[in-house]
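Q: Questions regarding the structure given below will be posed in turn.
The values are calculated or read from the model by the stated rules, or taken from the named source; none is laboratory data. All values derive from a computational prediction rather than experimental measurement. For neighbour counting, all protein chains shown are included, and Cβ atoms are generated from backbone atoms with ideal geometry for every residue, glycine included.
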Amino acid sequence: MARGQSGLPAESAIIYGAVRDAHGQPVPAASVHMQLEGTKQVVTVETDSTGAYRCGSLREGVYNLRAEKAGSGDGSAGPVVLKANEASKVDFTLTVTASNAGQSSAAKAPEFFDEPQFTVAGVTDATNHGGHGSDAIFRTSQSLARDVASINPQPVSSPARSVKDEASLREAVKRAPESFEANQQLGLFLARAGHPKEAVPYLERSNQSRPEDYESAYTLAQAYLDAADYEHAAAIARGLLAKHDTAAVHHLLGDVEEKRKRPVEAVGEYQRAAELDPSEPNFFDWGAELLTHRALQPAIEVFSKGNRLFPQSARMLVGLGVAWYATGSSDLAAKYVCDASDLNPGDGNPYLVLGKMQMAHPSPSSAVLARMERFIRLQPNNALANYYYAVALWKTEKTSGVSNNLANAAQIESLLENAVRLDPKLARGFLLLGVLSEERADLPKAMAAYQAAIAADSQLEEAHYRLAQVYRRMGEKLKAQAEIKLYEQISKKTAQQAEEEGREIPQFVYTLRDPKSPAQSQ
């Protein structure tokens, strides 16, 4: 997820709670939908392994809520009044009715989940990418793919680690060291607090006490994953599948296999999770895995289906846009990401993706320029909002045929100065300030800006190259030679690193099928 700056509003409402079935058992991977009255905007989050959910970035207002899980039923709540900077708790108990009783069997082959038109057969070296456009576009698309994969539906922070609660739970284990409940509760507490390695011994003990308990085994597998013990996580997850062929376990196993650098197995697990439970998170993670490994047409197919099923999912549109961008369709890519920014203008992720996209192109479209203007208007204290809007204005002026506009130049320079003031490590902000000064033939000011860029990021090769040219024009030949030497060293190192990173993220080999073939018709 493009996370350079937070996209959350300064004041937001928080809602949290738990989802349980009719027997009082927690329901993991249940979808909780929150719709603001008077709008079509729906925010969806998914419960964790303990059935808990949390959403911390909602607008103040009146909401209607619904929770659902195929095979477990559904439940609703509301209207619920949410106030800024306040947390509200809403729990759900899912019930199976005549209208949803068929969901369990439907989840095996949901009517809106049709067979994908591709098959992933293996992987190859991603450095042999070929493809569309320049190397700059390829590198940008790889960076954007990583950003997409990290976009969460809603940021969820770990609860504070209460010393009092922890002491009480540890005392309970001390009194009854073999107790299933005591070990599980302490293990869950530590895992939720972000300490999976500490949680594992207690979760292992609770699992040994009741090996048939689904929740205990699932939580242990998740803790192993979070503690980077991937072999044990895989073993527990595969053991669970023997008796519990659920979307949650397949998704967990997909996460494990990706960490084990087995992407073909991982994408298969994500696909199976989406087949069993075609939820927004499952579709998105399936598409993101395909995109990460440059299976671009399959990624477009999955994100397109996800967009049809979940039209209010901004990240689905961002994923679709980045997939099209990687194929060389930059205009179509920009349209989808612009649409994503319109769904929730306060979310910074689509703007950051648009900002990166425009860096590899001569000029942004009017639609992109308008979104960059909105970004800075909504988040004036966001360094990247200032920087990307400055870049958009600068590139627009460079390609419009109208240069040296003093008003535009002053605005661009002001935006860049704000950007580097807000983030003194924003080396590219200093770099562009240097370019502007050099265009005005103010060599001393350009020199200072390039030096500041290098101080912020010594590996920014363009800054070394441009500083060398300024030194040369100022008659400082020895300094110019030194900067050129640094530029050449960094360029070589950057190329080697890009090649190594490419090998670490192999590219999927896939086969596209004819949707009109007899097999597909059947």
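Q: Residue check, residue 251 against (1) farther than 21 Å from residue 70 by Cα; (2) in contact with a Pro (Cβ under 9 Å, 6 or more places away or on another chain), all met but one. Which one?
A: (1)
Q: If you go through the stretch 360-376 one residue at a time, do you hit one that is under 23 Å from the mean Cα position of the chain (by Cα), under 25 Å from residue 454 (Cα atoms), crowded, with 21+ Cβ neighbours inside 10 Å and at pLDDT 95 or above?
A: No, there is no match, as no residue in the stretch 360-376 is under 23 Å from the mean Cα position of the chain (by Cα), under 25 Å from residue 454 (Cα atoms), crowded, with 21+ Cβ neighbours inside 10 Å and at pLDDT 95 or above.
Q: In the stretch 27-75, which residues are under 27 Å from residue 189 (Cα atoms) and either assigned by TED's automatic domain parsing to the domain that holds residue 214 or surrounded by fewer than 17 Cβ atoms within 10 Å (Cβ to Cβ) (or both)?
A: 56
Q: A further question follows. Within the stretch 300-321, does at least one residue satisfy the condition of being among the polar types (S, T, N, Q), crowded, with 23+ Cβ neighbours inside 10 Å and within 19 Å of residue 286 (Cα to Cα)? Reasoning before the result, please.
A: Of all residues in the stretch 300-321, those among the polar types (S, T, N, Q) come to 304, 307, 312-313.
Remaining after also requiring crowded, with 23+ Cβ neighbours inside 10 Å: 313.
Subset that is within 19 Å of residue 286 (Cα to Cα): 313.
Within the stretch 300-321 (the criterion being among the polar types (S, T, N, Q), crowded, with 23+ Cβ neighbours inside 10 Å and within 19 Å of residue 286 (Cα to Cα)), the answer is yes, since at least one residue qualifies.
Q: In the stretch 123-137, is there at least one residue being charged (D, E, K, R), within 26 Å of residue 265 (Cα to Cα), at pLDDT 70 or above and part of a loop (DSSP other than H, G, I, E, B)? Give the derivation first.
A: Filtering the stretch 123-137 for residues charged (D, E, K, R) gives 125, 135.
So of that shortlist, the ones also within 26 Å of residue 265 (Cα to Cα) come out as 125.
Applying the additional criterion that residues be at pLDDT 70 or above yields none.
Scanning the stretch 123-137, I find no residue that is charged (D, E, K, R), within 26 Å of residue 265 (Cα to Cα), at pLDDT 70 or above and part of a loop (DSSP other than H, G, I, E, B), so the answer is no.
Q: Something else now. Residues 218, 270: which one is over 30 Å from residue 340 (Cα atoms), in contact with a His (Cβ under 9 Å, 6 or more places away or on another chain) and in a helix (DSSP H, G or I)? Spell out how you get there, then give the answer.
A: Numbers: 270 fails: over 30 Å from residue 340 (Cα atoms).
Result: 218 is the single residue among 218, 270 that is over 30 Å from residue 340 (Cα atoms), in contact with a His (Cβ under 9 Å, 6 or more places away or on another chain) and in a helix (DSSP H, G or I).
Q: Looking at the stretch 295-317, can you tell me whether even one residue there is outside any helix (DSSP H, G or I), closer than 19 Å to residue 510 by Cα and either in contact with a strand residue (DSSP E or B) (Cβ under 7 Å, 6 or more places away or on another chain) or not basic (Lys, Arg) (or both)? If you could, list the steps in order and put the result at the bottom.
A: Here is the first cut: in the stretch 295-317, the residues outside any helix (DSSP H, G or I) are 295, 310-313.
Among the residues that remain, those that are also closer than 19 Å to residue 510 by Cα are: 295.
Pick out the ones that are also either in contact with a strand residue (DSSP E or B) (Cβ under 7 Å, 6 or more places away or on another chain) or not basic (Lys, Arg) (or both) and you get 295.
Checked the stretch 295-317: at least one residue is outside any helix (DSSP H, G or I), closer than 19 Å to residue 510 by Cα and either in contact with a strand residue (DSSP E or B) (Cβ under 7 Å, 6 or more places away or on another chain) or not basic (Lys, Arg) (or both).
Q: Next question, about the same structure. Any idea how many residues of the stretch 60-99 are in contact (Cβ under 8 Å) with a residue 60 or more places away in the chain and either out of contact with any helix residue (DSSP H, G or I) (no Cβ under 7 Å at 6 or more places or on another chain) or over 22 Å from residue 284 (Cα atoms) (or both)?
A: Narrowing the stretch 60-99 to residues in contact (Cβ under 8 Å) with a residue 60 or more places away in the chain: 69-70, 80, 82-96.
From the residues that got through so far, the ones that are either out of contact with any helix residue (DSSP H, G or I) (no Cβ under 7 Å at 6 or more places or on another chain) or over 22 Å from residue 284 (Cα atoms) (or both) too are 69, 80, 82-96.
Count: 17.
Q: While we're here: Quick check, is residue 162 at pLDDT below 90 and more than 22 Å from residue 228 (Cα to Cα)?
A: In short, yes.
Q: Let me ask you something else. With the condition kept exactly as written, say whether any residue in the stretch 395-408 is of a type in the set (A, V, I, L, M, F, W, C), assigned to a helix (DSSP H, G or I) and under 27 Å from residue 439 (Cα atoms). Full working, then the answer.
A: Start the filter on the stretch 395-408 by keeping residues that are of a type in the set (A, V, I, L, M, F, W, C), which leaves 402, 406-407.
Narrowing the set further to residues that are assigned to a helix (DSSP H, G or I) leaves 406-407.
Imposing the further condition that a residue be under 27 Å from residue 439 (Cα atoms) reduces the set to 406-407.
Among the residues of the stretch 395-408, at least one is of a type in the set (A, V, I, L, M, F, W, C), assigned to a helix (DSSP H, G or I) and under 27 Å from residue 439 (Cα atoms), which makes the answer yes.
Q: State which residue pairs qualify: first residue in contact (Cβ under 8 Å) with a residue 60 or more places away in the chain and assigned by TED's automatic domain parsing to the domain that holds residue 216 and inside the stretch 170-193, second residue assigned to a helix (DSSP H, G or I) and among the polar types (S, T, N, Q) in any location, beta carbons under 7 Å apart, and separation of 6 or more residues or different chains.
A: Close Cβ pairs (under 7 Å, with a partner that is assigned to a helix (DSSP H, G or I) and among the polar types (S, T, N, Q)) amount to 188/219.
Q: Condition check: closer than 19 Å to residue 355 by Cα and either of a type in the set (Asp, Glu) or in a helix (DSSP H, G or I) (or both). Does residue 411 satisfy that? Please lay out each step first, then the result.
A: Values: closer than 19 Å to residue 355 by Cα: yes; either of a type in the set (Asp, Glu) or in a helix (DSSP H, G or I) (or both): yes.
Yes, satisfied.
Q: Please pick out the residue among 198, 215, 257 that is surrounded by fewer than 24 Cβ atoms within 10 Å (Cβ to Cβ), touching a residue at least 12 places away in the same chain (Cβ under 8 Å), more than 15 Å from residue 29 (Cα to Cα) and among the acidic types (Asp, Glu).
A: Working: 198 fails: touching a residue at least 12 places away in the same chain (Cβ under 8 Å); 215 fails: more than 15 Å from residue 29 (Cα to Cα).
Being surrounded by fewer than 24 Cβ atoms within 10 Å (Cβ to Cβ), touching a residue at least 12 places away in the same chain (Cβ under 8 Å), more than 15 Å from residue 29 (Cα to Cα) and among the acidic types (Asp, Glu) holds for just one of 198, 215, 257, which is 257.
Q: Something else about it: For the structure I just gave you, tell me whether residue 175 is under 18 Å from residue 25 (Cβ atoms), surrounded by fewer than 18 Cβ atoms within 10 Å (Cβ to Cβ) and at pLDDT 90 or above. Break it down into steps so the answer makes sense when it comes.
A: Working: under 18 Å from residue 25 (Cβ atoms): no; surrounded by fewer than 18 Cβ atoms within 10 Å (Cβ to Cβ): yes; at pLDDT 90 or above: yes.
It is false that residue 175 is under 18 Å from residue 25 (Cβ atoms), surrounded by fewer than 18 Cβ atoms within 10 Å (Cβ to Cβ) and at pLDDT 90 or above.
Q: Within the stretch 272-284, can you find the residues that are touching a Phe, Trp or Tyr at 6+ places or on another chain (Cβ under 9 Å) and either β-branched (Val, Ile, Thr) or crowded, with 23+ Cβ neighbours inside 10 Å (or both)?
A: 273, 274, 279, 282, 283, 284
Q: Name the single residue that is nearest to residue 379 (Cα to Cα) among those in the stretch 436-460 being touching a helix residue (DSSP H, G or I) at 6+ places or on another chain (Cβ under 7 Å) and surrounded by fewer than 18 Cβ atoms within 10 Å (Cβ to Cβ).
A: Looking at residues that are touching a helix residue (DSSP H, G or I) at 6+ places or on another chain (Cβ under 7 Å) and surrounded by fewer than 18 Cβ atoms within 10 Å (Cβ to Cβ), I get 457.
Q: Would you pick out the residues in the stretch 341-355 that are surrounded by 21 or more Cβ atoms within 10 Å (Cβ to Cβ) and either aliphatic (A, V, I, L, M) or over 23 Å from residue 312 (Cα atoms) (or both)?
A: Selection gives 352, 353, 354.
Q: Does residue 380 satisfy the condition of being buried (at least 16 other Cβ atoms within 10 Å of the Cβ) and either part of a loop (DSSP other than H, G, I, E, B) or in contact with a strand residue (DSSP E or B) (Cβ under 9 Å, 6 or more places away or on another chain) (or both)?
A: On the way: buried (at least 16 other Cβ atoms within 10 Å of the Cβ): no; either part of a loop (DSSP other than H, G, I, E, B) or in contact with a strand residue (DSSP E or B) (Cβ under 9 Å, 6 or more places away or on another chain) (or both): yes.
Criteria not met by residue 380.
Q: A further question on this structure: Say we look at the stretch 461-502 and pick out the residues that are exposed (fewer than 13 other Cβ atoms within 10 Å of the Cβ) and among the hydrophobic types (A, V, I, L, M, F, W, C); which of these is nearest to residue 423 (Cα to Cα)?
A: 495
Q: Still on this structure: As an exercise: evaluate residue 338 against (1) in a helix (DSSP H, G or I); (2) crowded, with 22+ Cβ neighbours inside 10 Å and give the number of the one condition it does not meet.
A: Result: residue 338 fails condition (2) only.
Q: Among the residues of the stretch 444-458, is any farther than 30 Å from residue 479 by Cβ and in a helix (DSSP H, G or I)?
A: Here is the first cut: in the stretch 444-458, the ones farther than 30 Å from residue 479 by Cβ are none.
Within the stretch 444-458, none of the residues are farther than 30 Å from residue 479 by Cβ and in a helix (DSSP H, G or I).
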